[in-house]
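The values are calculated or read from the model by the stated rules, or taken from the named source; none is laboratory data. Because the structure is predicted, anything quoted here is derived from the model rather than measured. Here the Cβ is made from the backbone with ideal geometry for all residues, glycine too, and neighbour counts use every protein chain on show. Calculation scope for accessible area: heavy atoms of the full protein, side chains included, ligands and nucleic acids excluded. Shrake-Rupley method; radii C 1.70, N 1.55, O 1.52, S 1.80 Å.
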Amino acid sequence: MRLVFLGPPGAGKGTQARMVSEKLGLPQISTGDILREAVRRQTELGAKAKAYMDAGELVPDGVMLSLVDARLAEADCHRGFVLDGYPRTLPQARALDEVLSRAKQRIDGVVLIDVADDEVVRRLSRRRVCPQCKGLYNLDADPPKVEGVCDQCGVELITRTDDSEGTIRNRLEVYRNETLPLVEYYQAKGILAGVPSEGGIQKVFPVIMEKISRLRQG
Ligand code: AMP
């Protein structure tokens, strides 16, 4: 099964995509995680992406297309995947359809998680990330067991550099301008499943699984 997670920053895409990928035994492909890792390792890709990421802007489509094409060609993606944070522009969505159709494949479902702007700012300013396993925490809704430390790895949690209020507002603007048109694009294909993000992680997850199983039944 090939799934896409869509939604503004802070909607809970990463958390839910991870839970769904574990449940279905499919790889989670987070373009944000791939880019952050590239920045950390100071690779060529990281050098290209860093300034855009720090400003809350999108990394250019050309860079993203080759990155994702290469990742989807890896063996673990043959049975399917859960894309988290990709596509984010119409050219990315069209290119994804094209590369899949060449392999006689297609996106089976798009999960849209929605959340209000003020809630996004509130959530992201309280978000912490494990630099090692990429695990996500929220100091209010989903805090680590020991303050400031990842439950899984025991390493110190960090705040993402783009989780500052100014950058968050810019990311929301970019989402509205660049990514929101994808809602119509996937709606027209009849594969969009909308899920409100209220009620907490454990409430949202079964709603998503239910929608996915309906998509599966066609
Ligand atoms: P995320 O972790 O998904 O919020 O992504 C963090 C940052 O990585 C974004 O603000 C962008 O700068 C960049 N990024 C991630 N995915 C994409 C994408 N599909 N297209 C362009 N830039 C991206």
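Restricting the stretch 1-93 to trypsin sites (Lys or Arg not before Pro) that sit in a DSSP loop and have at most 11 other Cβ atoms within 10 Å of their own Cβ leaves Arg41. In this rough spin-label picture, where each label sits 7 Å from Cα along the Cβ direction, the Val99-His78 distance is 1.8 nm. Sites listed here are GluC sites (Glu not before Pro) in the stretch 74-128 whose DSSP assignment is loop and whose Cβ has at most 15 other Cβ atoms within 10 Å: Glu74. Backbone phi angles across the stretch 161-177, fed through the Karplus curve with coefficients 6.51, -1.76 and 1.60 (θ = phi - 60°), yield HN-Hα couplings of 5, 8, 9, 9, 4, x, 5, 4, 4, 5, 5, 5, 5, 4, 4, 4, 6 Hz in residue order; Gly and Pro are listed as x. Entry note: the stretch 110-149 has Rg to Rh equal to 1.04, where both radii use alpha-carbon atoms and Rh is the Kirkwood radius.
Against the empirical curve 2.2 N^0.38 Å, the C-alpha radius of gyration of the chain lands at a ratio of 0.97. Each residue of the stretch 34-41 is assigned a 3J(HN,Hα), and the resulting list reads 4, 5, 4, 5, 5, 5, 4, 7 Hz, derived from the Karplus form 6.51 cos²θ - 1.76 cosθ + 1.60 (θ = phi - 60°), x at Gly and Pro. If R0 equals 25 Å, the separation of the Cβ atoms of Gln202 and Leu180 corresponds to a calculated FRET efficiency of about 0.35. Expressed as a whole percent, the accessible area of the stretch 1-71 that falls on carbon and sulfur atoms is 52 (1.4 Å probe). Label separation (Arg40 vs Gln152): 1.2 nm, computed from points 7 Å beyond Cα along the C-beta direction. By the rule of a second cysteine Cβ within less than 4.7 angstrom, the chain holds isolated cysteines at Cys77, Cys133.
Each of Ala75, Pro181, Ile34 was placed along the dipole of the chain (beta-carbon charges, centred on the mean Cα), and the one lying farthest toward the positive end is Ala75. Placing +1 on the Cβ of every Lys and Arg and -1 on the Cβ of every Asp and Glu, with no other charges, gives the stretch 43-133 a dipole of roughly 200 debye about its Cα centre.
About its Cα centre, how strong a charge dipole does the chain have in debye, to the nearest 20, once Lys and Arg get +1 and Asp and Glu get -1 at the Cβ? Approximately 560 debye in magnitude. Ligands, DNA and RNA are left out, and with a 1.4 angstrom probe the accessible area of the stretch 106-180 is 54 Å² per residue.
When the helix-only estimate is applied to the chain (DSSP H runs of n ≥ 4, each -39,500 (n - 2.57), divided by the residue count), what is the mean residue ellipticity at 222 nm, nearest 500 deg cm²/dmol?
Rounded to the nearest 500, the figure is -14500 deg cm²/dmol.
Projecting the Cα atoms of Val149, Gln105, Val129 onto the charge dipole of the stretch 103-180, computed from C-beta unit charges around the Cα centre, puts Gln105 farthest toward the positive end. Of the solvent-accessible surface of the stretch 110-179, computed with a 1.4 Å probe and all protein chains present, 47% belongs to carbon and sulfur.
Can you check what the net charge comes to around Leu65, using other residues whose Cβ is under 14 Å from the Cβ of Leu65 (Lys, Arg +1; Asp, Glu -1)?
+1
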